[in-house]
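Contents: one structure, followed by commentary.
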Amino acid sequence: MDTDSITVFRGDTSRLKNVVNISERVTPEFFKLEQERIFRSAWLPVGSASELDGPGSFMVTDVPPLKASLLITRDENNVVHAFHNVCRHRGEKLVHALKGKQRLFSCAFHAWTYSTAGKLTGVTDEGQFRNLNKDDYGLIPIHVEVWEDLVFVNFAATPEQSLKEWMGDMYDGYRGFAKGRVKIGDHRVVLKTNWNIAINAFSEGYHNLYIHKNTVPDYQGGSGNPRRHRAYMEVGEHFGRYSALGNPNHKPTAAEGILFEHSRPMYPSFPPPDMDALPPGVNPLRLKHWAFDIVHVAPHFVLGPQANTHSYMFFWPIDHETTDVRVMRFAFQTDKPADRIGQAHSLVRTREVLREDLATMESSLEAISSGALPNIILSQQEMLIQNHYRIADEMLARP
Ligand code: FES
Ligand SMILES: [Fe+2]
């Protein structure tokens, strides 16, 4: 291993492999297994609970690997529900809007109505239906739990574990991390790539020095950490996370200088964090020059906590060679114009960096699809990727 490594490792690394057969993972047959054994049994983050703003609010979101559209509601009693977004009469998609607030959902086809708790409340021309008991035709529910600001669903008839058991050590470590934050950006792109390849690119910092050399040349690294090694890495049963350091020698550009003076700094600034305000799971080592954390929540989600902002990244497979990537950014609520400009600046900088990340994914799949590559080899700095395949393989191996 490099002698300049500064990484503190935590967790059970004994089941990790640093050599992975990638060619077999990009086939339609393999994707079928992933659909059934991974996506149909894992707890899946699907969206931000901040979109469910009070009783009667709802959002619609897709779960592409299971070809499902979900209707997630907050009912009159503030209870969150998830349903298949399908009308129980003849299967029309019930809600076409992406989000909103209403007391009842009415199907556009023959106007059956449902409550926000999923109850069938109205059948038009009801007398013409023989033996219709409305209680038997409510919306079809899916297991749902809210953790902090994230909505998780589980498609199993009976989930093997509660969300708390599934998340393990990280469950209690993030209390309040999203409090007071609002969504400031939401980007979505469908790429011709395999979802494993896509999420792998967001689970390591090894590429930072190379792929991002023009957009963010000196935000990380610096004389004390020339290889930009992550300061902390941890692998858990169904998650992996690392902490990245900012470069204490970074010289703000002219625009950054002005913004950081007048607004609460966000990426690409890495202000010394207010350690007391961070929950224990964020920047677990309490690193002074902390830039951000990356938290891979298996199978398809990456959480990115930072000072004054955080991101959610969803890598949804549509099939073995198509991935729906969605990136949401959140920041503190503000009416101050300088803060708003600072947030917009940060969003644009992030988008440029994101584009560079996305650029490798389609060409990687193109090159891998020939089947010529016997395997890929992963470094210690790519430990979260090793953990991603360990989790996937253990789920795939179950009967
Ligand atoms: S399909 Fe919805 S009311 Fe007929
Ligand atoms: Fe990157």
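The values are calculated or read from the model by the stated rules, or taken from the named source; none is laboratory data. The structure displayed is predicted, hence computed values, not measured ones. Backbone-built Cβ (ideal geometry, glycine too); neighbour counts: all protein chains shown.
Give me the residue from region 53-70 that is among the small types (Gly, Ala, Ser) and assigned to a strand (DSSP E or B) and, out of that set, farthest from the chain's Cα centre (by Cα). If you could, list the steps in order and put the result at the bottom.
Residues of region 53-70 among the small types (Gly, Ala, Ser): 54, 56-57, 68-69.
Retained after the next criterion (residues that are assigned to a strand (DSSP E or B)): 57, 68-69.
Values: 57: 22, 68: 17, 69: 17 Å.
So the residue we want is 57.
Just for region 350-368: of the residues that are away from ligand 2 (no atom under 14 Å from the Cβ) and surrounded by 18 or more Cβ atoms within 10 Å (Cβ to Cβ), which one is nearest to residue 20 (Cα to Cα)?
Within region 350-368, the first condition is being away from ligand 2 (no atom under 14 Å from the Cβ), and the residues that meet it are 362-363, 365-368.
Next, only the ones that are surrounded by 18 or more Cβ atoms within 10 Å (Cβ to Cβ) stay: 365, 368.
Details: 365: 15, 368: 13 Å.
Ranking the qualifying residues of region 350-368, first place goes to 368.
Restricting 276, 339, 357 to those that are in the same structural domain as residue 184 (by TED's automatic domain parsing), within 17 Å of residue 182 (Cβ to Cβ) and either touching a Pro at 6+ places or on another chain (Cβ under 7 Å) or among the acidic types (Asp, Glu) (or both) reduces the list to 339. The residue list 165, 145 contains one member that is outside the structural domain of residue 385 (by TED's automatic domain parsing), in contact (Cβ under 8 Å) with a residue 60 or more places away in the chain and more than 16 Å from ligand 2 (Cβ to nearest atom), which is 145.
Of all the listed residues (267, 210), the sole one being in the same structural domain as residue 344 (by TED's automatic domain parsing), of a type in the set (Ser, Thr, Tyr), surrounded by 19 or more Cβ atoms within 10 Å (Cβ to Cβ) and over 29 Å from residue 14 (Cα atoms) is 267.
The single condition among (1) assigned to a loop (DSSP other than H, G, I, E, B); (2) out of contact with any Pro (no Cβ under 8 Å at 6 or more places or on another chain); (3) within 16 Å of ligand 1 (Cβ to nearest atom) that residue 157 does not meet is (3).
Here is a list: 42, 117, 82. Which entry is more than 16 Å from ligand 1 (Cβ to nearest atom), farther than 21 Å from residue 181 by Cα and assigned to a strand (DSSP E or B)? Show your work before the answer.
On the way: 42 fails: assigned to a strand (DSSP E or B); 117 fails: assigned to a strand (DSSP E or B).
Just a single option satisfies the conditions, and that option is 82.
Return a yes/no flag: does region 124-137 have any residue that is in contact (Cβ under 8 Å) with a residue 24 or more places away in the chain and either within 17 Å of residue 58 (Cα to Cα) or outside the structural domain of residue 49 (by TED's automatic domain parsing) (or both). No, region 124-137 contains no residue that is in contact (Cβ under 8 Å) with a residue 24 or more places away in the chain and either within 17 Å of residue 58 (Cα to Cα) or outside the structural domain of residue 49 (by TED's automatic domain parsing) (or both). Against the numbered list (1) near ligand 1 (Cβ under 10 Å from one of its atoms); (2) under 25 Å from the mean Cα position of the chain (by Cα), residue 92 comes up short only at (2).
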